[in-house]
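The values are calculated or read from the model by the stated rules, or taken from the named source; none is laboratory data. Computed from a predicted structure; not experimentally measured. Cβ placement follows ideal geometry from the backbone for every residue including glycine, while neighbour counts extend to all protein chains displayed.
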Amino acid sequence: MTSTETRPSTMIGRSVLRREDRRLLTGAATYLDDLELPGCYEAAFVRSPHAAARIVSIDTSAAAAMPGVIGVWTGADLPEIAKGIPPKVVHPQLRDVPRMPLPADFVKFVGEPVAVVVATSRYVAEDALDLVEVEYDVLPAVSSTGAALADGAPLIHEGADDNVAVHVVQTAGDPAAAMAAAPHRLRERFSVTRGGGHSMETRGVAARFDPTTEQLVVWDTTQSPHYVRNTLAHLYDMPEDGIRVVAPPDVGGGFGPKAQFYGEEAVIPWVARLLRNPVKWIEDRRENFVATMMERTQVHDVEIGFDDDGHILAIRNVFEHDQGAYCAGLQVPMITLSTLPGQYRIPNIHTELIACYTNMVPTSSVRGAGRPQAVVAMERMVDRAAEHLGMDPVEFRRRNLVQADEFPYRVGLTFRDGSPLTYDSGNFPLLMDETLAAFDYSGERERQTAARAEGRLVGIGVAAYVEGCGLGPYEGSRYRLLNDGTILVTLAAAPQGQGYETVYAQIAADALGMDMDLIRVTTGDTGRIPFGQGTFASRNTATAGPATLQAGDEMRGKILQVAEAMLKTSAASLEIHGDRVSVADDPSRSVTLREIAGAANVGKHGITLAPGILPGLETTVYFAPERAAYASGTHAVAVEIDPETGAIDVLRYVIGHDCGNVMNPMLVDGQVLGGFAHGIGNAMYEEPFYDETGQPQSTSYLDYSLPSSMEVPPVELVHIHTPSPLNPLGAKGAGEGGTIPVPAAIANAVEDALRPFGARITSLPITPPKIVDALSTDDLDGTGPWHG
Amino acid sequence: MKPGRFTYHAPRTVADALAVLGEHAGDAKVLAGGQSLMPLLNFRVSEPGHLVDINRLPDLSEPVRTATGWHVPALVRQRAVERSAALSGAFPLLEAALHEVAHPQIRNRGTLCGSLAHADAAAELPTVVTALDGRLRIASPRGERTVAAEDFFVFHLTTALADDELLLGVDLDDLPAGTTTSFHEFAGRRGDFALAAVAGQATRDATGVVTRCRLVAAGVGSTPLRLRAAEEGLLGARLDDSALAAAARAAAHEARPTGDVHASAGYRRDLVATLTRRVLADIAAAVPTSVPTEELTHA
């Protein structure tokens, strides 16, 4: 590390334009459906139209006989892969239920695949879907956590006593006693619904089996190619080297749902292997709405205890989490569990999760991943407490913030990896100050007062959060000097638009002390690097980043060692300029990188290497962070409500953001702004509706209100930088901070706007009809219905 | 999301188009801009055996000045209507509503008449054409006929068009002097179908008394909904606060909304009141343009 620290960074921290943009902007990007696989068949899935049913029989004969159909398989036809897909994140008490690639006996949600049709084209495959006769014995279904947990609820899985998947309680201090003794206690119930990832490119898998090498090549729009490879090796009972999973360099968005593993990903490569012919499945948008995981609804019952001076004494939050029909992983509710206390010093904490099964598509992480819900629970109660005391909500927050000199700060809870939940770094008071200065908080309050005097409903909301990011276990980076004298950097993680080819070349350039032009970055191919985890949890800059830095440092050492031997001089006097290593005080003595590659990598058959020449210049470093790094942020917003229509007009929005040291400020801004669009969707628009029988009610963008550019208001960004001590780059994550506190901030602002009427906002997203309803509630303190 | 099998026809004359429609009556759909039909085909909600693409028919792409106003033929794109100074000048209501129709990319392809033939009760254009008292020109092997907009829309996604008929265009009469129009919509997102919308026109005499009035709502009935009670209450009245409030109440009363996951029936009913009042407030605030009638009729 010493040499890296003494070398000034020249590329890290610069807003370098993305290398990816040219092909993206000229329509030359290669997405999964653009791959040329001559003779490739196309697949479509028969999906359950029922939320709960026993499969009585499936007759595929008419479909199989249709011209152009290559084959039709049900779960019963594929016993070799009839294994449960292991959940991604588990808990010792999780009552896991096997999630089969193609269930043969029961379906548990609308959209669950029960058979696959492979045909010469997707058109033919879809025609054949109609000919597959499935007889179902329909069973009662459950489509909310409330219904799942009710007495006498239908059991989603046979043999269980109830629908609880896991029940976890974590405490710090003595929350029961502290709450009982608190001078003030407030309690509320919030329903927080989040939508799906809605990546522009849907899921997709293509596969080809090469019988001569016995290798199965799988192209997958996944965020985690190594996870897919490992899962396939487990399901297929094959050695992992027999499976190569490639995420194409251009994937049109991920946002969490593509970090999960789905039955279709097991079925398509398997039938390609059976058929000895390439097979491709591109999920269509209708499938995406019913079969791709989403985040959906949590219900929080939260109580806050505080004293007259506005100090939080205790917080108690019990929440229900909708796991869907199966547990694909517990990451979302476990994150919610530990995100609750946020930026505040709270001596007594009770945080309790009840995750339950329902008859809906399984849930997974979606950008923000359980944090927005926890921030709603905490930040809404902070506003309520301030209101109760007649205190400015910002002042209330300031009195409770963890201070800058308290890091590393132990929250008192346990992180999901079992270690004490610890914030590594941050400066929450400064973040609050800088954000509110940019927002002109006192000026906005004056404008609010003036607007109220005119009868206008203007409100201000603030919300703060922390985000555990840069999670382990590790991520890797591999360097190789190519024979043409350039450097190839290989990352295990796969990008979906984050700009890895650019950012990691910046880091590598600084580590190597070389021009970026000589460095190329490749990603997401298990055939190129053996181990990896993937792109999720805002983790890569803080894991793959340090790996790239350290591997680059090692690689520079090796290059200089070979140059030293070739130039017969001391490495201490060598410099790299362009494609050449030269003696510092005598530039006429130099070797090119190509010559170094020739000596060290190419060699001459049968000829002994000269002394000091290293054989094969490559190096791989896996960086394993000690624990999560904590990013943080504070958002401030002013809104105006139209009391007649309930429309919310976002007047101003300021995001204060701290993701530690920044590699490429332009890309961080892009991440924050993109995350903000997701946050606006969560706050005001997106809701995946299901009726009480578990039928999805929003299965196209006509009914699912994904915000467009027209709905996302302008936003102003403020950055502070507190480097993480947990990695040599001082980096934290930037992918989700734009999203996390938006629902809480908007809800705080809307309720503030409605405060003259005492109207309450307890359900998100906040839509205009909900606001009109809140205004016309009869129990408003003597104000009566506002409209009508 | 691939359409089922269909036979594609691209006739070059109206007669050929009518012949294909006649031959496959009930099993054929007309394709113009495709902005509603193609999603229905891809969802397999509609699986016609024959698609009759009318984009190659001649003389249907340009608005035509008539003795009493304008004729907008079947292939005039929504964007072209919006950008036509003549049409926007004659019918500001049409332009105002078009700004709420989906997004520019969709309006580039979608046609005015296509939206009418599709007849979504929450769509803007059927409502506006009803508010403008448009007349639809319809061709069939039996000849041509004209149907008033109000009679054309029968039910949600259902019109007076017979299976073998083709909508050739819509006639819109110039507005009388002293007429002002306004359009207000409330939708979940920009470009969405309306949760509710109200289109209105009113003609006032020199003293400000309403002599003619037409109010039509979208999204709160199975067709564009004439708000007749509200209209009748305004005739002979001045557009003061009490007249506006009475019209808003009447409009809410005669709206026939249904609830869905996005908004309750009650919310939509309230919206009709609010939007009706806003439409009338706009009209009240505007200075009626007194265009000499002869200039329009003899243009």
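Could you give me the residue pairs with C-beta distances under 6 Å whose first residue belongs to segment A:710-732 and is not assigned by TED's automatic domain parsing to the domain that holds A:Asp424, whose second residue is surrounded by fewer than 18 Cβ atoms within 10 Å (Cβ to Cβ) and not acidic (Asp, Glu) wherever it lies, and which are 6+ apart or on separate chains?
Pairs found: none.
Could we say that A:Gly310 is surrounded by fewer than 24 Cβ atoms within 10 Å (Cβ to Cβ), under 22 Å from A:Val97 (Cα atoms) and not β-branched (Val, Ile, Thr) here?
no
Could you tell me how many of the residues in segment B:81-123 are assigned to a helix (DSSP H, G or I), small (Gly, Ala, Ser) and touching a residue at least 12 places away in the same chain (Cβ under 8 Å)?
Adding up the residues that qualify gives 7.
Matching residues to (1) assigned to a strand (DSSP E or B); (2) closer than 19 Å to A:Ala82 by Cβ; (3) not aromatic (Phe, Trp, Tyr):
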site: A:Pro249; (1), (2), (3): no, no, yes
site: A:Ile268; (1), (2), (3): no, yes, yes
site: A:Lys280; (1), (2), (3): yes, no, yes
site: A:Glu287; (1), (2), (3): no, no, yes
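For A:Gln671, state whether it is within 20 Å of the chain's Cα centre (by Cα), at pLDDT 95 or above and among the polar types (S, T, N, Q).
yes
Among the residues of segment B:4-42, write down those that are within 14 Å of another protein chain (Cβ to nearest Cβ), surrounded by 19 or more Cβ atoms within 10 Å (Cβ to Cβ) and not small (Gly, Ala, Ser).
B:Gln35, B:Leu41
Every residue in segment A:191-216 that is in a strand (DSSP E or B) and crowded, with 21+ Cβ neighbours inside 10 Å, please.
A:Val192, A:Thr193, A:Arg194, A:Gly195, A:Gly196, A:Gly204, A:Val205, A:Ala206, A:Ala207, A:Arg208, A:Phe209, A:Leu216
From (1) at pLDDT below 95; (2) more than 30 Å from A:Glu692 (Cβ to Cβ); (3) over 23 Å from the mean Cα position of the chain (by Cα), pick out the condition that doesn't hold for B:Leu296.
Answer for B:Leu296: the failing condition is (3).
Residue by residue, here is whether (1) more than 17 Å from A:Glu467 (Cα to Cα); (2) of a type in the set (A, V, I, L, M) holds:
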site: A:Leu353; (1), (2): yes, yes
site: A:Val361; (1), (2): yes, yes
site: A:Arg367; (1), (2): no, no
site: A:Asn400; (1), (2): yes, no
site: A:Ser419; (1), (2): no, no
site: A:Arg447; (1), (2): yes, no
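What's the number of the condition A:Ile771 fails, among (1) under 22 Å from the mean Cα position of the chain (by Cα); (2) not in a loop (DSSP other than H, G, I, E, B)?
Of (1) under 22 Å from the mean Cα position of the chain (by Cα); (2) not in a loop (DSSP other than H, G, I, E, B), only one is false for A:Ile771: (1).
Could you please find all residues in segment A:649-683 being crowded, with 24+ Cβ neighbours inside 10 Å, of a type in the set (A, V, I, L, M) and part of a strand (DSSP E or B)?
Residues satisfying the conditions are A:Val654, A:Ile655.
Name the one entry in B:Thr7, B:Thr68 that is β-branched (Val, Ile, Thr), within 24 Å of B:Ala131 (Cα to Cα), more than 16 Å from the chain's Cα centre (by Cα) and modelled with pLDDT of 95 or more.
Just one listed residue meets the conditions, B:Thr68.
Take B:Ala246 and tell me if it is in the same structural domain as B:Ala197 (by TED's automatic domain parsing) and either in contact with a Lys or Arg (Cβ under 7 Å, 6 or more places away or on another chain) or under 17 Å from A:Thr645 (Cα atoms) (or both).
No, not satisfied.
If you go through segment B:1-42, how many residues are assigned to a helix (DSSP H, G or I) and more than 30 Å from A:Ile282 (Cα to Cα)?
Number satisfying all stated conditions: 10.
Of all residues in segment A:688-702, count the ones that are away from chain B (no Cβ under 11 Å) and crowded, with 19+ Cβ neighbours inside 10 Å.
Within segment A:688-702, residues that are away from chain B (no Cβ under 11 Å) and crowded, with 19+ Cβ neighbours inside 10 Å number 1.
Scan segment B:210-245 residue by residue and report those that are assigned to a loop (DSSP other than H, G, I, E, B), closer than 18 Å to B:Asp270 by Cβ and under 14 Å from the mean Cα position of the chain (by Cα).
Once the filter is applied, which keeps residues that are assigned to a loop (DSSP other than H, G, I, E, B), closer than 18 Å to B:Asp270 by Cβ and under 14 Å from the mean Cα position of the chain (by Cα), segment B:210-245 yields only B:Gly219.
Can you name the number of the only condition in (1) among the basic types (Lys, Arg); (2) within 14 Å of chain B (Cβ to nearest Cβ); (3) crowded, with 22+ Cβ neighbours inside 10 Å that A:Arg47 fails?
For A:Arg47, the exception is condition (3).
Would you mind stating whether B:Val45 is touching a Lys or Arg at 6+ places or on another chain (Cβ under 8 Å), farther than 15 Å from B:Leu125 by Cβ and either part of a strand (DSSP E or B) or within 14 Å of another protein chain (Cβ to nearest Cβ) (or both)?
For B:Val45, the condition - touching a Lys or Arg at 6+ places or on another chain (Cβ under 8 Å), farther than 15 Å from B:Leu125 by Cβ and either part of a strand (DSSP E or B) or within 14 Å of another protein chain (Cβ to nearest Cβ) (or both) - is not met.
Restricting to segment B:250-268, and then to whatever is surrounded by 17 or more Cβ atoms within 10 Å (Cβ to Cβ) and not aliphatic (A, V, I, L, M), can you tell me which residue is nearest to the other protein chains (Cβ to nearest Cβ)?
Ranking the candidates gives B:Tyr267 first.
Among the residues of segment B:187-209, write down those that are part of a strand (DSSP E or B), away from every other protein chain (no Cβ under 14 Å) and of a type outside the set (S, T, N, Q).
If the condition is that a residue be part of a strand (DSSP E or B), away from every other protein chain (no Cβ under 14 Å) and of a type outside the set (S, T, N, Q), then B:Ala199, B:Gly200, B:Ala202, B:Arg204, B:Val209 are the ones that fit.
Looking only at segment A:703-737, filter to residues that are in contact with an Asp or Glu (Cβ under 8 Å, 6 or more places away or on another chain) and over 24 Å from A:Ser538 (Cβ atoms); which one of those is farthest from the other protein chains (Cβ to nearest Cβ)?
A:Tyr704
Which of (1) within 14 Å of another protein chain (Cβ to nearest Cβ); (2) in contact with a Pro (Cβ under 6 Å, 6 or more places away or on another chain) does A:Pro140 not meet, given it meets every other one?
(1)
Within segment B:56-71, is there a residue that is surrounded by fewer than 16 Cβ atoms within 10 Å (Cβ to Cβ), more than 14 Å from chain A (Cβ to nearest Cβ) and part of a strand (DSSP E or B)?
Checked against the condition, which is being surrounded by fewer than 16 Cβ atoms within 10 Å (Cβ to Cβ), more than 14 Å from chain A (Cβ to nearest Cβ) and part of a strand (DSSP E or B), segment B:56-71 yields at least one hit.
When you go through (1) of a type in the set (D, E, K, R); (2) modelled with pLDDT under 95; (3) not in a loop (DSSP other than H, G, I, E, B) one by one for B:Arg256, which number turns out not to apply?
In the conditions (1) of a type in the set (D, E, K, R); (2) modelled with pLDDT under 95; (3) not in a loop (DSSP other than H, G, I, E, B), B:Arg256 misses (3) alone.
So A:Val318 fits all but one of (1) assigned to a strand (DSSP E or B); (2) touching a residue at least 60 places away in the same chain (Cβ under 8 Å); (3) surrounded by fewer than 24 Cβ atoms within 10 Å (Cβ to Cβ); what number is the exception?
Condition (2) is where A:Val318 drops out.
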